[in-house]
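First up is the structure itself, then whatever we jot down about it.
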Amino acid sequence: MARPEQVLVLEPQHELKFKGPFTDVVTAYLKLSNPTDRNICFKVKTTAPRRYCVRPNSGIIDAGASINVSVMLQPFDYDPNEKSKHKFMVQSVLAPFDMTDMEGVWKEAKPDELMDSKLRCSFEMPLENDKTTEPSALPKSASASLDDGEVKKIMEECKRLQMEVQRLWEENKQIRVRSIRTN
């Protein structure tokens, strides 16, 4: 059976563009939207995991909601003659109604339930007279500039919240098991 078509809407659809200089971390944003009436589990994979930090790199997108994923390219020596072979894949699967833990969803998912989208990466250096990024090139949520300290705080808070969600899923699972045993 053929894989189902990706239900998530990706912005951008086919290519993540990173604009230099690449002497510091450069961030591209990927918006994942769920137009369905079901929750969707997602994860983001790359062919170059040591070169990128992706936050969040997995999670659940509620029905009708969207999230912004930050893809942070680590500093490197840019060679304009070298074409990027880096790619990203966004995998998704419909969240089961009785979902208790994210890892179990991916382990139990059948290949014909998995959906994926692939994106290429491109690197470009700004022209000498174009030192700033046009605000229109960034998503609205990213156009307000954040300094590194603020980004770090947001990433730490995001990680803390993801751990809290996982803890609550586990607690919920234990409560369900106890209630089944007492009935």
**Asked** Using alpha carbons only, how many degrees (0 to 90, rounded to 10) separate the axis of helix 148-182 from the longest principal axis of the chain?
**Response** 10 degrees
**Asked** Counting only protein heavy atoms, what percent of the accessible surface of the chain is carbon or sulfur at a 1.4 Å probe?
**Response** 52 percent
**Request:** Just name one of L161, N172, S70: the one whose Cα is farthest towards the positive end of the charge dipole of the chain (beta-carbon charges, Lys/Arg +1, Asp/Glu -1).
**Result:** N172
**Message:** Largest first, please: the extent of the C-alpha atoms of the chain along each principal axis, to the nearest Å.
**Reply:** 72, 42, 28
**Helical mean residue ellipticity (222 nm; -39500 (n - 2.57) per DSSP H run of 4+; nearest 500) of the chain** = -8500 deg cm²/dmol
**Asked** Using the beta-carbon distance between D112 and D62 and R0 = 30 Å, what value does 1/(1 + (r/R0)^6) give for FRET efficiency, to the nearest 0.05?
**Response** 0.80
**Item:** Per residue accessible area of the chain, 1.4 Å probe, in Å²
**Value:** 69 Å²
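The values are calculated or read from the model by the stated rules, or taken from the named source; none is laboratory data. This is a predicted model, so every value here is computed, not measured. Neighbour counts run over all protein chains shown; Cβ positions are idealised from the backbone, glycine included. Heads up: the accessible areas ignore ligands, DNA and RNA and are worked out on the full protein's heavy atoms, side chains in. Shrake-Rupley method; radii C 1.70, N 1.55, O 1.52, S 1.80 Å.
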